[in-house]
Every structure is written in structure tokens, then in C-alpha cells.
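The structure under discussion appears below in the form of C-alpha cells.
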Amino acid sequence: MPITPERTAFVFPGQGSQAIGMGMALAEAAPEAARVFQLADEILGYPLSQVCWHGPEADLNSTQYTQPALLTHSIAVLEVFKGRHPGFTPTSTAGHSMGEYSALVAAGVLSFKDGLLLTRERGEAMRHAGEVHPGGMSAVIGLDVTEVEVACKKASAQSVGTVAVANDNCPGQVVISGDENALALAHDLLDNAGARKVIRLAVSIAAHSPLMVPAQDRLKDAITATSFNDPLIPVVGNVSAKPLTSIEEIREDLNAQLTSRVRWTESIGWMAQSGVDTFIEMGSGTVLSGLLRRMDAQTRGISLDSPPTWDTI
């Protein structure tokens, strides 16, 4: 099946897709990618490229490093794609959680520098919020999002804390987020409701939940101070699961994102209904392509990560 711009969307991964070595082979093979990593090091004032390529893993997995690392790798892939396929403009773009910032860079809304600085601020704000309001996240396998919502509401009502749906990733895979008491109670309720698995994730923050209010407040100031441009292509927002067509809508989506659900199933659904049949995942890993296979048999996902993956185009 040929790849045509009017039926293609670019999608960008979020936190959890990082891995030691990300982007290293690409930067060695493509000068466009090497320039992106070099520029990121200069902007941030520390060797982000070395964290991506050599770790240590504890640093790469620390959210204040993870988020700019993922954006840098994604934009490096994007620049290589542009060099190989000049003039190719997708019909839309989207990013999962912090991947939305990569999508905004791809759509011309943010410069690479501003996207990088915002993701650094986002990561630091989330780390601080996690210290103020410790919590966690769990993946729920085998229940639909409405069943998970019911369990979260019950757990929040029966405990002193709160837990909520954080990510609606695909049918049968939902992530919940909250404080320890409510999260533990939700585990029991979800087991009783027939979940195939409830897996605690290796994170110490409750992203996309009310516990992120301090991070959202801090990030809002940074977003307000940043220059935004009108999107050159539609960007499907995490919060609305619809195209963000103005700077005002984009700011609103980003300002609400940290305490709101990532509506990924709905976002992919909107793009598919608008005629997209090919989703090119730009950046580390194959998480988004894997989710796509569980959503719609009529669409295909292509993951571009390292030099060998370019043979798929």
C-alpha cells in the first residue's frame, strides 16, 4: 500500500518509550539527526545526547531528563524524514502525553528550542509535584474504560485519596493514576470486576490526575510566557481528542493536560475517521504502533526509530 500525505498522520511517543542508546545510531548515520542532538545539548547546557546514548538509566528515567530526551529523539527522526522525503506533509499529527509537544514542533506551533525548554519545565514540575503529592500509576488490562471509571469512582469515594483514569490507550488497555490508598483499593475493585491484569508501573508520580495540580500551575506560567504559532497542520489534542485549530485552543489543551485523561483511543479514532490509514510513529520504541494494532485492523503503523527501520518506508 503506497504512503500518501493526505492519508498519513505523524504520531509521537511519550514517557515510557525511552531506552538507553536512543537516537545514537541515527545520529551516527544522519547529519540531520546529529545536528538536532547537538542543538539540544547547547540549548539545555548539559550533554542530553550522552544521557540518551549512554545513560545512566536512572538519569534517563528521571522525568526532567526523560521528557526533553524523547522530544529530541522524535525531532531528530522527523528531520531525517524531511531530508529523505522533502515536501511530504501529513494530514494531521498527535503525540501521546508529552509527545504532544513533539507534535506541536512538527506542526510549526513551537520552535524546537521552545518545545525543548517546555518539556524540561514540564518534567521538573511533575517531579516536584510527585514529591509534594506522592502517588503512582497502574495499567489495567482486559476491561473497557467505562468499567475502569466505575472502579476509580468507587475507590475515590471509599478512601481518603483519589484515583482516576489517566490514559485511555486502546480498547482493553487503560492506565489509572492516584495516591497510594485509592490506587490500592482500585486494584481490588478492578480484580473483582474481572480485569485480566492490574500492573503497577515503575513510577512514583500520579500523572494525569488531580495530584498534578501543582505541576499544572507551574507549567501554565511557562506556557503563557512561550511564543506559539498557528498550526501548519492539524494537531489532535490529548484532552479534547479533536484538532486544535488556534493558539488559544492549544494553550488550553496543554494547560489542562497534566490533570486530564489522555484520550488516545479517541484521538486515533478521529484521525482514522477523517481518512488516515497510515500512522508513522517518530521516535523511541514501538509503543504507539503496538496500540494501533489493537484499535483498527484497517490502519497500519510504521515505527521510525533507528536506521534499520527506514527500510519500512
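Every number here is computed from the coordinates shown, using simple stated rules; none is lab data. Since we're looking at a predicted model, the values are computed, not measured. All Cβ positions, glycine included, derive from the backbone under ideal geometry; neighbour counts span all protein chains shown.
A crude spin-label estimate for the pair E57 and I141, with each label 7 Å from Cα along the Cβ direction, gives 2.0 nm. Available extension along the chain between Q273 and R7 is 94.7 nm, counting 0.36 nm per residue and deducting the alpha carbon span.
Across segment 255-266, computed HN-Hα scalar couplings (Karplus, 6.51 cos²θ - 1.76 cosθ + 1.60, θ = phi - 60°) run 5, 8, 4, 5, 10, 10, 6, 7, 8, 6, 4, 5 Hz from first to last residue, x flagging Gly and Pro. Bridging of K197 to aspartates and glutamates at a Cα separation below 13 Å is possible for D144, D188, once same-chain residues fewer than 8 apart are set aside.
Rounded to the nearest 0.05, what FRET efficiency is calculated for R293 and N192 with R0 set to 41 Å and r the Cβ-Cβ distance?
So the FRET efficiency works out to roughly 0.90.
In sequence order, segment 220-237 has phi-based couplings of 4, 4, 5, 5, 4, 7, 9, 7, 10, 10, 4, x, 7, 9, x, 10, 7, x Hz under the Karplus curve 6.51 cos²θ - 1.76 cosθ + 1.60, θ = phi - 60°, and Gly or Pro positions carry x.
For segment 1-77, the residue among T63, V36, P13 whose Cα projects farthest onto the positive side of the dipole built from Cβ charges is P13.
Scan the chain and report its longest stretch carrying no trypsin sites (Lys or Arg not before Pro) that are both in a DSSP loop and have at most 16 other Cβ atoms within 10 Å. In short, 1-195. Charged neighbours of I20, selected by a Cβ distance under 12 Å, balance to -2 (K, R count +1; D, E count -1).
Note on V160 and Y46: with the Förster distance fixed at 41 Å, the Cβ-Cβ geometry gives a FRET efficiency of about 0.55. Stretching R251 away from H128 to a fully extended chain increases their span by 42.1 nm, per 0.36 nm per residue minus the current alpha-carbon distance. Between K197 and I141, the built amide H atoms are under 5 Å apart, and every one of these is 5 or more places off in sequence or on another chain. For segment 208-214, backbone phi angles converted through the Karplus equation (6.51, -1.76, 1.60; θ = phi - 60°) give residue-by-residue couplings of 6, 9, x, 5, 8, 4, x Hz, Gly and Pro being listed as x. Database remark: amide H of I302 closer than 5 angstrom to the amide H of F279, I280, E281 (H placed geometrically; neighbours at sequence offset of 5 or more, or on other chains; Pro and chain starts carry no H).
If we sort 38-49, 280-291 on the protection proxy, mean other Cβ atoms within 10 Å, highest first, what's the order? Provide the component values of the computation, followed by the final result.
Working: 38-49: 17.1, 280-291: 22.9.
Per-residue mean Cβ counts within 10 Å order the peptides as 280-291, 38-49.
Taking the DSSP bridge list for the chain and keeping only pairs wholly inside it, about 55 percent are antiparallel.
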